[in-house]
Structure formats: structure tokens, C-alpha cells
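Enquirer: Sharing a structure, written as C-alpha cells. Questions coming.
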């Protein structure tokens, strides 16, 4: 008996004394203490940031959410619906509870936080060589800048998050930073990224493979300077914008694809003209192809969320080689040919509110055969920057800084030559400026550029108040969308944009 | 009145004999044999006691007992054993006399059992200070249920047993006194033969001797951090009596409880063609009579159910052995669903010498089943079978002219329901084993040391294959293989000391220490893109894309426990318990927590003044208890920061599947949810316990609720789990039981009713939060569940439906976006002349206010009839299934009610106009009253007379006929009001979204003893 009680006591003491027995050691996931440690870890952490762009609920960012708040409200695109959250964006009748506001905001700040975590972690990673660390540091700084840039263009003054979130108690005290300060921070991040990043990643066969590169950082920097020089921030960085764009041109890493139509085929993605695109493939395929497809073309039908306008199509000259590719006016499926404006097989949406049939998007039509597979999704990438965009940015910035110089003409005429349009010559600065503006609207149609262009040119209200759908609810203060209501409810210190 | 036969042998003869045979003093003795009333077999281990004294004896293997040293006098003798009604008699003992008193005990269920299991021990029911209800095996033996806990429905006050999904092999929702937690699992802790956290669905129901349900803090605090939701203690059978061999079986048929009235082919064609906006590519003939496919008849069937059980049981000397083997097979009423289960058990108790006992409890169960797809939405997934069986157009035959399964009326993402059944495989194979070895040693009289070691292993393998011909796999063919394993080690060491100090004081002390470790593993593989369906999930390599993943977690619990039971004069009882639990799941700063409880009880019926005052009272005990218990039902590793790996991304042309995203940051203060419960109870017995009443009132508040507090997205996260929030449950329970017997006719009536109300007291500063109860295929139906401070859990939130717009002027003036004449009209609740989110309000609640059960049994000679009626009152259900079936003229089938659609000549106020869909969001139109009363069980039993049985060589034969769920009275319009498509959650309870229908079952059974 004594032996028995003794042995029980021993067991009790040993196990009781083993306090370490209750400490949790994860068996199947990483904690920030042990991840990332190697270069391979960094690769998957960077891939995880891409997941913020392509994943999320309801295809929140670069499938659906981003065009929803940046393309649909423009004068180039119209939402098919007349009564839901899409329509609210299109007609400027939305309020701060509109779902697309918080969906995009959530992805943006999720990506920023992950970038911040890596920015803090990378300098401590001793096992990784300096050159690799530099590359990845450049990449995550690019991502931090990219997302802040997206946020500041949509909402104006937004929270500037430069450190990873470590606790939640002070969440209710975070405030928004002034727009100029945000832009300065973005420009610094991009300048750093441009120094640290290579022109092309060592294991990559194309300059654009979805990872940030020097070209991407510099192209974005040019875009940032253009925005800072526009009607919103009202500083003068035209020369710096021109210099950045020129740096991309001089790097000779990119060329224009001779045939505009080829640019938009899945088999040609990540081609010589692409500088930075959001990658889709494997288990992550995009929905935007489906969204801008008509629903009346048999097995090739899409979900018909939005389309363009005949008025916009009419601004294209008939000799413009881009017109046929930019708009979908005719489709042959099997033995049937559908046309957007005539019977039989009429597919252009026509409603009492639109007197003329609406043409659809041609740019994202390619489905590598048929859209009927895979639930209407394709592998097409979403282009963020193309070489044509850089040429036009250079032309615009150079014009503003130095007037229409031969370099400026050279740039814009390259784009026009590809579009089989006559080159420009002998224009005044104002005329050149208008030409660049027009050229941008034709070259970069439906790529979520138009709305931001209008904002920075100061013609946001003037142009959109002529748009039959936008003018329904449009008011001048709507150049910035409202901060999502949920954020203000949880952090009253944010405050709301004027007017909303 | 119980019939007992008392045999008094001539006093004089005994007196003479006793003079030499018994002790030299003048006290007498009482002896006799205890037998079971129905079978006549001797019953062992019956406690026979002289009431009011400490004189007691236990019957042996032959049912014989002897109580010696009985002073002369008149006594009340009582024989008690778990599973039998107590036997009472009055005897007179003369000096030196040996009185004979035999007992014939009636097996019975709910009653004041002498001994109940209370967690780490047993206690006499008379001495209990906490709230415990018991249900014994024999009462539920004839219930054809596929899982043991299902048979508890309606039998325990305060316990809600809800079949949320009637598919064979599905989960069950059990709540004791309401749910406490917002995010954790609110199911009670199940302890089977001391194994904590065992799975009751994988145990052979016929192996169970008793269920003891511990409800209040005094009873559950001994389980510390896992006792907050109540505890169900399950004790399996031990070998008893001389060795015997029993075979029992039942066989029966189940049918769907209802047929929903939908349009036939002619009606459907008529409305479809009348609809001006119908898709012109489909033309239906409205002139000739079309043949109707009744899809419900196609997919539902009358399904067989059977069970076979062999049991060898017996005890001899110091050994008791029970061996059982069971085979259960249930086909589901929906084609493509079934469950087969086989289980084996080996229970051995062996005494080694006077002081040492060893025992083992080993069981292994294997199940194989198929599941049909239910409870999910339509959209790109092809739809669940239950929904397609109602919605698929009746004009379409099951197979088309080529012999393939017909497609839907219009090209869409809907699959033919028979195609889903035949072309989709979903098989689950489970292996579950529990092995326990324990030893008890009595070093001193009254001191018992016990140690037990148990090992539980569970393996669930789910294999699915969706054919290329189904939309559900996007016409690619998809296979999924998921394997989940769990192994648990549990070591428990306790020491129990029982001391009677003098004649008045009785003290029992318990101290113990336990350690437990659970390892979970998950492995899964998926293949998409098969070239043919031939090999299915058996050859994943055939797929274009194969991905796999694995996962592992471990959790550990260390505990110290102690209990004191003190009784003074058998009348004044005090119990105190304390348990300290340390769990690996909690954050570094809060690894340990302590859960105390205290209870007092007063056995008024043992007070002489009461016996004099109200002699009719045979039992009266008042109880009070208070204590705290905890819940650790949060996921493992919640307090640690984590990276998630597995996000797909692409670099150039290459796709990768191992992207890492940050999912959590550290919370170093995460701790238990604590529930503090107060209970006051009365146990009353009148007329020799012919009428017993048990009543309890309780109040339990749970604080430090684990709650995912919303944070602004700008931090990079949506929420973080922290301990804030409080929920309270308050209620009353009442159980009444009466027995009467006269001239061979025994009648028993019993009933229980309970009332519970939950209330959210605090959400850590938030006023409310929303969830979505409907499925993801109705994207506008978001935020239709509200959890709000001051309100109970399970509230539905939406617009109030006010009928139909009768004119376009009315629609235009309504302020409702999208209002049309003949469309749904919503109520402007706040009167601001527009319909927006401020007009949403609470539409109903899914938690029943009242639960009740009524049991009755009548026994005459060898026949008996027993009935169980149960019900739940005052709750609502959201009928999401109906919401998609009331669009007149739609391209999928609709309910017959659409025939009364609104027109100018038929200004209906309950059905929209042709081609007008109901409002796309939750409105009170879909909220229905779920209250029901159900004839749960009717059983007629016949014990075949022994002489007839002997002719075929059997010792005992019982035949019975039983019906389950034969009638349900309810205003609910769909199959069954108890369903909940979102599983067993308390927050999203009460959503009927294409759930599996309830069934009626009739079985015929026999139990043979050799």
C-alpha cells in the first residue's frame, strides 16, 4: 500500500512539475518566429501577397472588385444592372455601405499588412544572402506602395500603414494621413524598390512574370508623379515623371507588340510589352472575362455584368487598328454569327434607358478556345502597366515639363503607329496635351485608367456629368469615394470624406 | 401499487431454529431472494436495506441476501438496484428470529434509482445534492435509432435532443439548459465508462446500461473546464447473473413523413407558357395532357432498417463478463443514403482477492455509409438532391430518349436528381475503438485507490467522386479523399475515502489527478479533370490536376480534482468539489483555471416532524447548488500567431499552390469561458414514491466568451478572438412520474417540461453582430441572423412582409426599390416612407421556449404498451426551401400555391404575379411557426409464456411492434420542423435549406434469451 501511494505521488509530482507539457508547439503551421527563414520561404510569402489580389471573398480585388469601383463608374463602361450595388457605383447613387468599397479596402490593407510584416522581417533573415534579401525587400516595398497608391486614388486621404499590426487595442485611434504625405511615402517606397529590384528575376524567362521588377517600379513611379502633379495634389513633378518614364524606355527591356490584337491573347500573356500584370492560372482563374461578355451568344455566353457605350465606340476613328479588338461587335460561335446591333442573333444589350445597342468588351474576350469550361473563368492576366502606357506617360509628362519636344512626339507616335494612325506633328502644348488625353482613352480603354486620368486632369466632374448614367447621382465631391462605413464604425477617428 | 410477494414463514418454527443457528445475542436476521419480476431470474447486487438504519446487504449471484444483527422491531425494508423499481415491504423481526422477505423487482426506467454515476464515482440518489437525471438502457432498447443519444429525446427535462439532419450517420444537436457560447461547441461532454470526450454515435446503443445526465454546477464542476455544457455519463453493461446468451433483433421500414405538393406537368406547362418572359427556346405543349414525373416518388423510397445483437453476459464468483456483437443496417429514405454499423464489445470485471479489482472495457465499431448531398445551395454546384427533387421540371422524364439522364429544362447549373444520386458517390468509413483498463485497490476499509488508462482511436475516411456528367463537378469529374484521425490517451488516478463517523456522520473524500493528450491528423487529396468516370476516387492519378494537403494538431490537458461529500444523520447533505485544469490551448499567461462548486441538500422526508405531519410524503429533498465550470471548446493554437500556407498563385506560366498568408497575431491572454450556475431543486415523492416530482430552477451566466471581435480591415485582419461577452440562460424544469398497479394492471405515466430563455448580456462593447444563416447561393440574403445584446441567441433578422402590391400607384408610392404591382410589399417599420436597412427587424427565434415529453406505459400480465409523446413549442423556422418555389411561371417547378397567382381579377395578397419573384432577401414571408407535438414512439410488447418458450428451447422470448415518429402535429409546411441546415450551431439555428426529410418508422422485433 505504501508503495502504491508513493508511486502515485511520484507520478503526480513528475507530471505536475512538467509545466512545459502544456506549452503548445504547432505541428502543421508556421509562426512569425520561424517563418520566413529561407529564400524558398520568401518566395511563398510573396506568392501569398498575390493571393490578396486574386483571392478573397466574391473575387474582391483584381477579378471583380477593382473594376467595379474604378472602371464601372467611368464614362467608358456601363453596368448592366439597374438596381444593385453595381448600378450604385455606376450612377454615383452609392452610400458608404456599398459592398464593393469594403471588399476592395479589405484586400488592399490585407496586402499592405503582409508587406509590412515582410519588410520588418527581411533585414533579420541572416540565412539569406544580401542580394536575395534586396530583391525581396524591393518586391514587398513595391506591393506596399502599389496598394497605398490604389487606395489614395480611390479614396483620397486614407490610413498610411507603415508598420505591421501587433495588437488591436489601439485600433480605434488610427487616423487618415493627408494625401500629399501618402504620395511622398509611395514615391519613396517605389524609388527604393527601383534600386533594389532587377530588370528581370533570375529564374524568369520574361520581364513580366507577375513579380515586381525595376521596370514595374519605375513605371509606377512615373504614374505616381503624374498623379502628384495633377488636380488632386497640385504639386509639380512633371520632370520627375518624365525622367522615370524615360528610364523605362531607355532600359530597352520592353517593346510594343506589333499587332494590337495579339496583346490580348492568353497565349501571349507576359509578353514583351507587359511590364506588370496580375497573374491568373492554375487554380486561380479570373472572372473578368465572363463579366464583360454578353449572355446571348450560346455556349460562349458570359454573365453580362457590364459593357461599353456606342458613344465611346464612336470616338474611335474607323482606321484605328485598336477599334476592332477593343470592342466586341461580332462573334461567331459554331455556325452562328451574332452581331451586337442587328437581328438575328442580336446580343448587344438594349434597354429603355439605352436607346442604342451597347457593344461589349473585346479586350478580355479570349478564353483559349471556349469559356464553357471551368465555370466561365480563364487564365488571362490583368495588365497593370504596359509599355504603351509608359510611352504615353512620357509624352504627357514631357509635354508638361518641356512642351511638345521631339522625344514626346516620338513616344506618342510609336503608339499611334501601332494603331495604324497618322503621326502627330506641329501641335501647341495645349493641343498636344489634348491629343495625349485622347490617345490614352483609346489605347488604355477598360484597363481601369480612365477614371484616375479624369481625376488628375481635373475634368472628372465636367466629363462625367455628360455621361447619361453617372450624372444621375454625380456631385463634384464624389471625386473620392466614401470610406467604408464599417471602418468608420469600428474606428471613429477615421472620419468620412466630405459630402458623403 | 407494486405487487410484491412477501413470504412470512411461521414465526414459531424459526424462533426455535434461530435459537441455535443465529448469534448468541437477541437480534434477528432478515434473508430472502431477489428476483426480476418479468423473467424470474435472480438479480445480483441488489441493495436491500432497512430504512432508517445503516443495516444493509447486497444480493449475491443467486439473488440471495442476508441482513444480520437486526434488533427486534417493525421495519420498512427496501430493495434497490439501478434499472429496477424499488421494492418495499414492511416486516417485523422478533428477538432471535430469522425473517424471510423475498422480492420481485420490476425493471423500469426513469425513477429514483438508488445509485447514479456522478463523475469519478457513484452516489446514492438519495444523497445527491446536484441535479442529475437518469435514463436506463431497457427503456430505449426497442428504439430503432442509428445512434444512442437520439433515443434520449423527450426523456430528460432540460435536455433538447434535436435531429437537425435526418440522414443516416448525421450529427445530432443536444443542448442541456440552453447554449452558452457564441463560438464554441455547446454540446454536453460525453463520458463513456470514464473516457472523456468519447463519441456516442459510434457506440452500440444496446450496450448501454444507463445514461446519467449531470445538469447543474455541483454535478458538473468535477469536470472543470469541460463541464459548462452539462455532462452525459454513459455506463455500459456489466455481466450479471448466471451466464446466458441473448439474441435480439428488429426489422422495419421507414418512409418519408410527407409529400410536398408541387405542380404537375400540365399545371407547370400552363404557367410557364403563360409567363410572357419565359425563355423562348423552350416550348411546352399546353394543349395535350403531359405525363408528370413525380421527382419525389423517384428519389424517395420505403427503406428497410434492421438490427441484430448477440450478447453473452454473466458473472460467476469474482468475475463478470459481457460480450456483445451488433450489426445495424439502415437504408435511407432518400436513395443514395445509408449506414451500416458493426460493433464488438468486451467488458470484464475481475476481483483478485478481497481488495483488488481489475477491469477492462473494450469496444470497436466500424461504420460504412453513403451520404446524399443535402443542405447546400444551388448555383454552380449542381444543387442538392432534396432541392432538385422538388424543383426539377415535372415535364422532364427521368431519362431521355438516348437512355441518359435528362438535363434541366433550360441550360443552367442544375442536375437531374436521379443523376446526382447515381453519378455521385460519397462514402464514409469510420473505425472507432475505445480500450480502457482500470484497477482498484482497497488498502484500508473505506479507502479505494483507482487508476485507469484508456486509449481511443478514431479514423474517418470520406471518399467522394462527382461524375463528369454532372454540373456539380463543372463537367470535369472531381474526386475528394479526406482522412481524419484522432487518438487520445487518458490516465486517471483517484483516491476515494469513505468514513462513517459514529452513527450520524458520513464523509466521502475524493482526490485525483488526470492527464490527457489528443492528436488529430488530417490528410486529403483532390483530383480535378478525369477522362472517364470508371475508376472514380480509386485512381486519383487519372486526374489532370491532383492536389493534396495535410494537417496535424495536438492538445493536452492536465487536471487535479477533489470532492467532499458530507452527510449528517443522512438528512443534511453538503457537497463541495474543485477542479484545476491546465490546457495547452490557452495562452501562456492563462494556462490554468480553477472551478469550484458547493451544494447543500436537506432530506426533509427523513425528519420525524414531516413524517408525522404529512405521512403521504415518502421523499422530500430540497437542494441548492452553485459553482463554476468552463468551456475550452476553441480551436487549438488560437493564442499563437500563424501563417497559413496553401494559397494558389502563379508566376508567369507556372501555377503554385503553396502561397503563405498571415492569418493571426498572438493573443497572450486568451483563456477559458467560465459559466457560473445556480440551481435550486426539489425532489418530492408521495405515496411510497408512486408519485414523484422533480423540479429545478437554474440561472447560468457565461462570461469571458470567446468572441471574434471585429476590427477595422485597415489593420490587415477582419477580427481577432478574445474573451469578452456574456450570455445568460435561465429556466425551469419539471418532471412528474406516477405509478399505479391494481389487479395485475400497471400503469405508469410520466412527463417532463422545461422552459429556457437565453439572453446575450454583453458583446464586449459591440451592440450586435450579424451572420448569414441562408446559404451562399442567395447572395442578397446576407446578414439575416442577428446576435444582439438583450436578445436571445438564434434570432432571424429581415424585412416584414406585408402582402402584395395591389396597384402600380401603391407600388410607386411605397419608397421600396424595385416595387412593382403584383410584387412583394415590405413594411415601412420606422415610418420614414422608404424601405431600407432601418426597416429590418427581428422576425423570429429558433430556440423553443418550451420542451416537453410525456411517457406512458400500461402493463397487463405479459403485454405492455408504451408511448412517448414529445414536442417543442414557441419557436420559428426559416423555410429557405420554399423561398425558391413561389415564383409563378418560373422555369423550375413551384409549389401548387402558385396557381393562385396575383392578377387584376384575382387580387391575391399572398402570391405574386406571373413572372414576379418574391423579394430577394429574408422577409417574414418565409418565417414559419415550428412548434410541434410528435408521437415519437409507440411500442407494444409481449413476453411469451415460459412454457411456450421452453418448447423451442429458449429461456425467454419477447416480441414487440414499434412505431417511431408516426404522427407530427405542426403548422410547419415543409418536411420536418426540427431541421437545421447550418448544423448544430446555436446562432444559425432553424434554417431549413433543402434538408433531409424526417421519417416514420415501423419495426417488429424479438428478443430471445437462451
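Enquirer: Over the stretch B:219-292, what relative contact order in percent results from Cα pairs under 8 Å that are six or more residues apart? Numbers along the way, then the final one.
Expert: Details: 24 pairs, mean separation 16.2, N = 74.
Relative contact order for the stretch B:219-292 comes out at 22 percent.
Enquirer: Starting from 0.36 nm per residue, how many nanometres of slack lie between residue B:92 and residue B:505 once their C-alpha separation is accounted for?
Expert: Values: separation 413, 0.36 × 413 = 148.68 nm, distance 2.75 nm.
This chain segment gains 145.9 nm when fully extended.
Enquirer: Still on this structure, please answer the following. Within 10 Å of each Cβ of A:279-290, how many other protein chain Cβ atoms are there on average? It would help to have the intermediate numbers written out before the result.
Expert: Numbers: counts 7, 4, 9, 10, 11, 8, 3, 0, 0, 0, 0, 0.
The shielding value for this peptide is 4.
Enquirer: Right, another one. Could you work out the relative contact order of chain B? I mean the mean sequence separation of Cα pairs under 8 Å and 6+ apart, divided by the number of residues, in percent. Don't skip to the end; give the middle numbers.
Expert: Numbers: 2922 pairs, mean separation 108.9, N = 1010.
Averaging sequence separation for qualifying contacts and normalising by length gives 11 percent for chain B.
Enquirer: A follow-up question, please. Quick one: compute the contact order of the stretch A:288-378, relative version, from alpha carbon pairs under 8 angstrom and 6+ residues apart, as a percent. Spell out each step's value before the answer.
Expert: Numbers: 163 pairs, mean separation 31.6, N = 91.
The normalised contact order for the stretch A:288-378 reaches 35 percent.
Enquirer: Would you calculate the separation in nanometres between label points at residue B:453 and residue A:124, each defined as 7 Å from the Cα along the Cα-to-beta-carbon direction?
Expert: 4.3 nm
Enquirer: Give the angle, between 0 and 90 degrees and rounded to the nearest 10, that separates the Cα long axis of helix B:265-274 from the longest principal axis of the Cα atoms of chain B.
Expert: 40 degrees
Enquirer: If we count other beta carbons within 10 Å of each Cβ, what is the order of B:538, B:934, B:177, B:739, fewest first? Kindly include the intermediate steps, with their values, before the conclusion.
Expert: Details: B:538 11, B:934 25, B:177 28, B:739 22.
The most exposed by this proxy come first: B:538, B:739, B:934, B:177.
Enquirer: Got a sec? How would B:405, A:477 order by Cβ neighbour count within 10 Å, fewest to most?
Expert: Arranged by neighbour count, lowest to highest, B:405, A:477 become A:477, B:405.
Enquirer: Moving to a separate point now. By count of other Cβ within 10 Å, fewest leading, how are A:100, A:500 ordered?
Expert: Values: A:100 24, A:500 15.
Sorted ascending by nearby Cβ count, the order is A:500, A:100.
Enquirer: Using label points projected 7 Å from each Cα along Cα→Cβ, tell me how many nm separate residue A:95 and residue A:489, to one decimal.
Expert: In this crude spin-label approximation the distance works out to 1.2 nm.
Enquirer: Convex hull volume of the Cα atoms in the stretch B:547-623, per residue, in Å³? Kindly include the intermediate steps, with their values, before the conclusion.
Expert: Numbers: hull volume 11.3 nm³, N = 77.
Enclosed volume per residue, from the Cα hull, is 147 Å³.
Enquirer: Also, I was wondering about something else. Taking the Cα atoms of chain B, what is the range of coordinates along each of the three principal axes, in descending order and whole Å?
Expert: Result, largest extent first: 108, 67, 62 Å.
Enquirer: Ok, one more. Once the Cα gyration tensor of the protein assembly as shown is diagonalised, what are the square roots of 5 times its eigenvalues, in whole Å and ordered largest first, as equivalent ellipsoid semi-axes?
Expert: Values: eigenvalues 1029, 271, 156 Å².
In descending order, the three semi-axes are 72, 37, 28 Å.
Enquirer: Quick one: pull the percentage of alpha-carbon pairs in the stretch A:408-459 with a separation above 14 Å.
Expert: Values: 718 of 1326 pairs.
Distances greater than 14 Å cover 54 percent of the Cα pairs.
Enquirer: From largest to smallest, what semi-axes in whole angstrom does the stretch B:260-370 give when each is the square root of 5 times an eigenvalue of its alpha carbon gyration tensor? Don't skip to the end; give the middle numbers.
Expert: Details: eigenvalues 799, 31, 16 Å².
Semi-axis lengths for the stretch B:260-370 are 63, 12, 9 Å.
Enquirer: Two decimals is fine: what is log10 I(q)/I(0) at q = 0.07, 0.10 Å⁻¹ for chain A, from a Debye sum with one equal scatterer on every Cα and no solvent?
Expert: Result of the Debye calculation: -0.40, -0.79.
Enquirer: Next question. For the stretch B:930-972, list residues with backbone N below 15 Å from a point placed 7 Å from the Cα of residue B:849 toward its Cβ?
Expert: B:930-932
Enquirer: Follow-up question, since we're still on this one. Please grab the % of Cα pairs in the stretch A:288-378 that end up more than 21 Å from each other. Please report the intermediate quantities before stating the final value.
Expert: Values: 1110 of 4095 pairs.
Tail of the P(r) past 21 Å holds 27 percent of the pairs.
Enquirer: Hey, another quick one. What full-extension length gain, to one decimal in nm, is calculated for residue B:344 and residue B:100 as 0.36 nm per residue of separation minus the Cα-Cα distance?
Expert: 83.6 nm is the gain from fully extending residue B:344 to residue B:100.
Enquirer: Could you pull out which residues in the stretch B:245-277 have an amide N less than 16 Å from a spot 7 Å beyond the Cα of residue B:1010, following the Cα-Cβ vector?
Expert: Backbone N within reach: B:245-249.
Enquirer: Specify the angular offset, from 0 to 90 degrees and rounded to the nearest 10, of the alpha carbon long axis of helix B:11-21 from the longest principal axis of the alpha carbons in chain B.
Expert: Taking Cα atoms only, the helix is inclined about 70 degrees.
Enquirer: I'd like the orientation of helix A:387-402 relative to chain A: the angle between its Cα long axis and the longest Cα principal axis, in ° from 0 to 90, rounded to 10.
Expert: The angle comes out near 70 degrees.
Enquirer: Which percent of Cα-Cα pairs in the stretch B:373-497 sits in each 10 Å bin, short to long?
Expert: Pairs per bin, as whole percents: 11, 28, 17, 12, 11, 10, 8, 3, 0.
Quick note: the coordinates plus some simple rules give every number you see, no bench work behind them. From a predicted model like this one, the values you see are computed outputs, not experimental measurements. All Cβ positions, even for glycine, are placed from backbone atoms using ideal geometry, and neighbour counts span all protein chains on display.
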